[in-house]
Structure formats: structure tokens, C-alpha cells
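Working notes for the structure below.
The values are calculated or read from the model by the stated rules, or taken from the named source; none is laboratory data. These figures come from a predicted structure and were not determined experimentally. Note: ideal-geometry Cβ built from the backbone for every residue, glycine included; neighbour counts use all protein chains shown. Side chains included, ligands, DNA and RNA excluded: accessible areas come from the protein's heavy atoms. Shrake-Rupley method; radii C 1.70, N 1.55, O 1.52, S 1.80 Å.
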There are 2 protein chains.
Amino acid sequence: MKYCYGVDVGGTTVKMGLFEETGGILEKWEIVTRTEEEGKAILPDIAASVLEKTKKHGLDKSDIIGIGVGVPAPVTADGIVNGTANLGWTYKEVKRELEELTGIKSEIGNDANVAALGEMWKGGGAGEKNMVMITLGTGVGGGVIINGKVITGEHGAGGEVGHICVNYDEPDTCGCGNHGCLEQYASATGVVRLAKKRLAQETKETVLNKDSVSAKDVFDAVKAGDAVAIEVAEEFGRYLASGLVNLAVIADPAVFVIGGGVSRAGEVLIPFIQKPYKEKAFFANKEIEFRLATLGNDAGICGAAKMVLDA
Amino acid sequence: MKYCYGVDVGGTTVKMGLFEETGGILEKWEIVTRTEEEGKAILPDIAASVLEKTKKHGLDKSDIIGIGVGVPAPVTADGIVNGTANLGWTYKEVKRELEELTGIKSEIGNDANVAALGEMWKGGGAGEKNMVMITLGTGVGGGVIINGKVITGEHGAGGEVGHICVNYDEPDTCGCGNHGCLEQYASATGVVRLAKKRLAQETKETVLNKDSVSAKDVFDAVKAGDAVAIEVAEEFGRYLASGLVNLAVIADPAVFVIGGGVSRAGEVLIPFIQKPYKEKAFFANKEIEFRLATLGNDAGICGAAKMVLDA
């Protein structure tokens, strides 16, 4: 049996897993992400942890196929990052540095792309080879998988599905500087934005509080039958469906997998997305299946492991 | 030396080419597309022509690597077509039928996808492996190539870039039944539509005739400095740029190759597309290159040949 590591680097913690090549997880753990001084400790910390766990499990470096790493930034095919919002890194040759620190082959990918690969391997997309994952978190990320391979793109910006334009008239600005990005409506922050806009001028009774509302509040209220929350969910679903319609005519996947914090609302979410999707989709794409992600926080480490196994 | 055939099936003629495996063209010719009786003669006509040319050139079937065929319809990975607008075919197992008729391995693809492959092999995208081709003809088609492979998609509808939505407020209906598809603005027909709308309410002097205007008239007038034609071209360019921005965040190609009848206007076209593209593109995608297609009517036969060489 050979082994590999799956590593998911976040802004506060680094999630790590030691995997059997057949997919079994030997151990999962976390270390702190030390972002100070341009995040210079992050890769040495990961390397030290990998080497320590290898020793602890009585393994030799030659037993390790590689280390897969997902990072919250665009990553080039050579494993280079040109800047991150959360880790402090500017230009960083992640693959080269980690290989030098560990002596173990490493593969680096964008975290949302890597999570998509995880869901295809053992989650909501299992059994498919053409799949799009949409991660509805603080932002909207994703991964577009064609014939089992993630689209990385020429500039490491493949599958940046949060920045599909779904409203050419939006006056508010997205974090990326554009207007009308899917992320402005379908992220947790986006759902709050839609809710606050509606609550500011709403006259109907609602359990939602316009001064303090979260995406979870909205979907909890939907489950309780709150009419205003349902209108917010419908608006969220229409925008998300518009993005998926555009994705479908380009990538034509078998399945859309919906993940991220917002997707914890559960199955209640699906009809709000699928109904407007079916109405607007190109005729050849109407039957694409909708599934929820199933791996939760483990999608990243699973996908990172799969990435290095496939390399 | 081995050989292959590249076949491009259109609504009125079938273009055919006999290629050396190294890319040289031995002979190019056309036959009539007989669409009557559900197009039942089309494949037998192609098969007869292939067998005749093989004999004429003193070749044996064993010298032929295969027959690549582009057809104007979505095509599944198994070479099946589920209906065409122009050929009369309903459900048709194109690959199986052509292989039975010829005894030669055949590969079938969508014509716009196949043309993209041709431009990547020996045209505007030569040297690239991540490329998007946009074909601006009667409609808008395209091909999305990732790592040298065309995205076919689960339902044969990958790269249907003409049906990206670029205007969520469009009242007019696209041929597909939706509203605001790129095809409604950037096809030859779309350019005429934009021109007629503008001319109906235009007070400025223009050489364009509101009762009889073609896409070629518009771009000829642009070259002559006609202010109204330039406004039409700017509108065309803005919509096309919106579609390309959405394509870029998904596929992140190195280059956009612009082909089809409208692209015969030449280099004058590029700034009308590239300027709004750069304004609206996601930061990581702003530097994608724009090139014109160079193979003209030969893109289809070249790409069809390449498809069977790569299979």
C-alpha cells in the first residue's frame, strides 16, 4: 500500500489528511495558519507536520506518492501563486518550495477546484466525469471538471464561477471590481445583501430581522414557511440559475454539485435553483442533475489527495 | 505515410479533404448535401466519395487512419446526433453507420467544435492548447479547447457559446427559445438586427440603408468611417465582450480566435471586441489574446482530420 497527503490551506487553519492510495483516511488533523510576515511559516509548518506524521505512522518517504495542496488563490499549472487575499503570500512557487522542504512530490491547486475533485472522487459527484461544483461560502467558488480533470486555465483562473455576470444592471461593486457577479447574490454575503435590500422596503410580516440577518436565518425561515424569506430564496435561486445556465452551455456537465456553507440549508435549496434553471436552460442542457455536496469540510483534503494520486 | 479524411457537412455542400497524417492536404473537393428524405443519402454519399478517392490515389483502406466528420448539430461522445436543423436527420448513429458503410474508423464532432480544433492545429490558435474559438456566422458557434481537447460535454452541447446570455432584459426571442443569447447580437443576423434597430430611429447621416443592410455593409461602412456603423459595431462588440468575459472565468484560455463570416471584416473587428473585453474582464483574465481565424472554409475539414488523428 502507498499513501498520500491531502492538505487544505485556509486563512485560519490548515486541514490535513493522510490517505491510503485506495481512498481510506488514516488520520485527519489541523494546524494553525500562521499568516504573519507574508505567510512565510505556512509551507515550513506543513512540511514539518507531513514529516512528523510520516514518521509517526512508521512510513518512509518512498511510501508517500505525494502531497496535494489546495490554496485559496488562482494557481498556475506549475504550482505558482501570484498573490492571495488571506495567506499573506505574494508571488510564491508553492510546488517547488514544498518539494524542497519535504523531498516529496507535491501538486498545488485552487481550493475550490480541489474541493470539486474531492466531491467527484467520493462525494456528491461520485461516478461522474463531467461535473461542475459550486461552492457557496463567504464568496462563490467552484470547479469545472471535464473528463475527470479540473479546468485550471492558462492563468490559473479556470472555474472562477463566482465571477460569471448574472446582472448587467447591478450598480453595486463585487469584491473583484466588476458589477453583477454571481458572488454578489449567491454567496452567504450575497444572500444577506438580498435579504437586507428586501427587508428595508418590506411591509409583509416576517421573522427576519433587518438589522441582523444571516444566510442561515433566511433558509431557516424558508423551512418555517416565512413568505419574505421565500422571496429572498427565489431571488437567490434565479441569479444562481442564470449563472448555471451560462456554465451549462460552455461545460455541459452531467451534474451540478452545490456545496459550501450556504448548502448546509440542505435539500430545501435545490428547488429554488432547479426550477428557474429548467426554465432558462438551453434545450440540450435542461436535464442536468442537481446534487448537494456530501463531504463538508473534508472535500478539500480529499480532493487534494486525489489531485496528487491523478498527477 | 498514413492518411485520413476530414469531412465538413453543411446544409448545402459537404466539404471533404484527404490529408497526410503530418497535415499536408492531398486533395480537397465538395459534394452536394442531399437533405431530402430525412437526409438518408448523406452518409452513403460521403462513404462512396471516400472509397472512390482512396482508390483514385492508389491507397488501401489499411493506409487510412480514419474519417473525421463535423456536423451542424450537438454530437454525443459516441458519435450520435439527436436531431439537426439543416440536414433532415432526426436520431442518427452517425459514427456506427459511417463505419459500417466504409469499414474505416470514424469520429464525429460538432462542426463548430471541429473548426476550433482545425484553427488550433494549423490556424489562428496554432501553438496553444487552451483556446476558445467563436464562429460568427448565420448563428454563433464555438469550440472550447482545454489541454488540446474539445469540450464535448455530457449531452454533446459543450461550447454552445452562442447561447451564453448577455442581456437579461432582451424582449426578442433567440432561435433556441431563450432571450438575450449572444447569437442575437454577434451573428451576421444579429449585427443586421442591431443595425436595423438603430437605423429605424437614427437621425445622423449614414451610408447604411435601413431597408437593406448586411453585416458586411456595416463593417465596410466602419472602415469608411461611418459614425452610425461604428456605433453598431460598438454595440456588437460590447455584447460579444460580455459573452467572452463569462467564457473566460470558466475556461480561462490563452487566446480567443474569432472566425466565421463576420470575421472576414478583418483586423478592424478586434478593437471593438477587445476594448470592452478588457474593461469588463475578471482581473486574472484581462490579458487573453485575440486573434482572427486564418483557415476560412478549410477549418472544418482540417479540424475533422485532426479529430480522427487524435482519437
Taking Rh as the Kirkwood radius computed over alpha-carbon pairs of the stretch B:159-229 and applying Stokes-Einstein at 37 °C with viscosity 0.692 mPa s, one gets a diffusion coefficient in µm² s⁻¹ of 254
The extension gain from A:ASP310 to A:TRP29, computed as 0.36 nm times the residue separation minus the Cα-Cα distance, is 98.9 nm
With Cα springs under 10 Å, the Gaussian network model of chain A assigns the largest mean-square fluctuation among A:THR90, A:THR203, A:THR294 to A:THR203
Accessible-area order for A:ASP172, B:ASP169, B:ASP211, largest to smallest, probe 1.4 angstrom, reads B:ASP211, B:ASP169, A:ASP172
For A:TRP29, B:TRP121, B:TRP89, the accessible-area ranking with a 1.4 Å probe, largest leading, is B:TRP121, A:TRP29, B:TRP89
Rounded to the nearest 10 Å², the 1.4 Å probe accessible area of A:THR189 is 80
Treating only Lys and Arg (+1) and Asp and Glu (-1) as charged, each at its beta carbon, one finds that chain B has a dipole about its Cα centre, in Debye to the nearest 20, of 380
Heavy-atom accessible area of A:LYS204, protein chains in place, probe 1.4 angstrom, given in Å² to nearest 10, is 90
A student applying the Cα gyration tensor rule (rounded when a/c is under 1.5; otherwise prolate if a/b is larger than b/c, oblate if not) would label the stretch B:73-138 oblate
Within the set A:GLY11, A:GLY124, A:GLY225, GNM on chain A using Cα springs under 10 Å gives the largest fluctuation to A:GLY225
Distances in nm between the label point of A:PRO44 (7 Å along Cα→Cβ) and its equivalents in the other copies, shortest first, are 7.8
With Rh as the Kirkwood radius over Cα pairs, chain A has Rg/Rh of 1.00
What helix-only [θ] at 222 nm does chain A give? Using -39500 (n - 2.57) per DSSP H run of at least 4, over all residues, to the nearest 500, the answer is -11500 deg cm²/dmol
Bounding extents of the stretch B:208-311 in its principal axis frame from Cα atoms, largest first in Å, are 49, 35, 19
So for the protein assembly as shown, using the alpha carbon gyration tensor with a ≥ b ≥ c as root eigenvalues (a/c under 1.5 gives rounded; past that, a/b versus b/c decides prolate or oblate), I'd call it oblate
Taking a ≥ b ≥ c as the square roots of the eigenvalues of the Cα gyration tensor, with a/c under 1.5 meaning rounded and otherwise prolate when a/b exceeds b/c and oblate if not, the stretch B:6-161 is oblate
With DSSP loop assignment and no more than 16 other C-beta atoms within 10 Å, the trypsin sites (Lys or Arg not before Pro) in the stretch A:269-309 are A:LYS286
Regression test value, accessible area per residue of the stretch B:20-142, probe 1.4 Å, units Å², expected 42
For B:THR84, the accessible surface traced by a 1.4 Å probe with all protein chains present amounts, in square angstrom to the nearest 10, to 30
Here the correct list, in nm and shortest first, of distances from B:GLU93 to the same site in the other copies, label points 7 Å along Cα→Cβ, is 5.4
When the charge dipole of chain B is computed with +1 at the Cβ of Lys and Arg and -1 at the Cβ of Asp and Glu, the Cα pointing farthest to the positive end, of B:GLY158, B:ALA41, B:MET307, is that of B:MET307
If one compares the long axis through the Cα atoms of helix A:269-280 with the longest principal axis of the Cα atoms of chain A, the angle in degrees, nearest 10, works out at 70
at B:GLU202 the sorted inter-copy label distances (label 7 Å from Cα on Cβ side), in nanometres, are 4.8
